[in-house]
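Just so it is clear, none of the values below were taken in a lab; they were calculated from the coordinates. Values in this document were obtained by computation on a predicted structure and should not be read as measured data. Here the Cβ positions follow ideal geometry from the backbone for every residue, glycine too, while neighbour counts run over all protein chains shown.
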Amino acid sequence: MAAKENVKEQTRSKIKIPRQYQVLIYNDDFTPMDFVVDVLMQIFDKDAQTATMLMLSVHEGSSAVAGVYPRDIAYTKAAEAVQWARQEGYPLKVEAVCQ
C-alpha cells in the first residue's frame, strides 16, 4: 500500500507597508500664527500644546513636519490646508514629500 502524504503548503502573505510621506508646513511672513495653530489642530489632529509647539518650530525655522501619512492621505491633508489658507487669503505653503 502506498502511503499518502499530506503536504501542507505554507503560504506567506507579504504585507507591503505603504510609503510614508511627510507633510511640511513652511514659514512665511504673512500667515498669522493663530491660523497655523488652527490648521494643525483641525486638519492634522494636533492638540493645542503640540500645535503651538509646531507653529513655533515653523516660525523659528523654515519648515516643520505636520505629520507623516500614506501618500493619498498626505496629499489630501496638504491640499485641505492650502485650500483653507487661500480661502482666508493667506499664502501658507504646505506640501507632501516622500520620506
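For every residue, the table says whether it meets (1) of a type in the set (S, T, N, Q); (2) part of a loop (DSSP other than H, G, I, E, B); (3) surrounded by 14 or more Cβ atoms within 10 Å (Cβ to Cβ); (4) in contact with a helix residue (DSSP H, G or I) (Cβ under 9 Å, 6 or more places away or on another chain).
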position: D34; (1), (2), (3), (4): no, no, no, yes
position: D38; (1), (2), (3), (4): no, no, yes, yes
position: F44; (1), (2), (3), (4): no, yes, yes, yes
position: L56; (1), (2), (3), (4): no, no, yes, yes
position: G67; (1), (2), (3), (4): no, no, yes, yes
position: R86; (1), (2), (3), (4): no, no, no, no
position: E95; (1), (2), (3), (4): no, no, yes, yes
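Return the only residue of R71, R86 being without any contact (Cβ under 8 Å) to a residue 24 or more places away in the chain and either on the phi < 0 side of the Ramachandran plot or over 10 Å from the mean Cα position of the chain (by Cα) (or both).
Values: R71 fails: without any contact (Cβ under 8 Å) to a residue 24 or more places away in the chain.
Within the list R71, R86, the selection yields R86.
Here's the yes/no breakdown for (1) in contact (Cβ under 8 Å) with a residue 24 or more places away in the chain; (2) among the acidic types (D, E):
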residue: R19; (1), (2): yes, no
residue: Q22; (1), (2): yes, no
residue: D28; (1), (2): yes, yes
residue: D45; (1), (2): no, yes
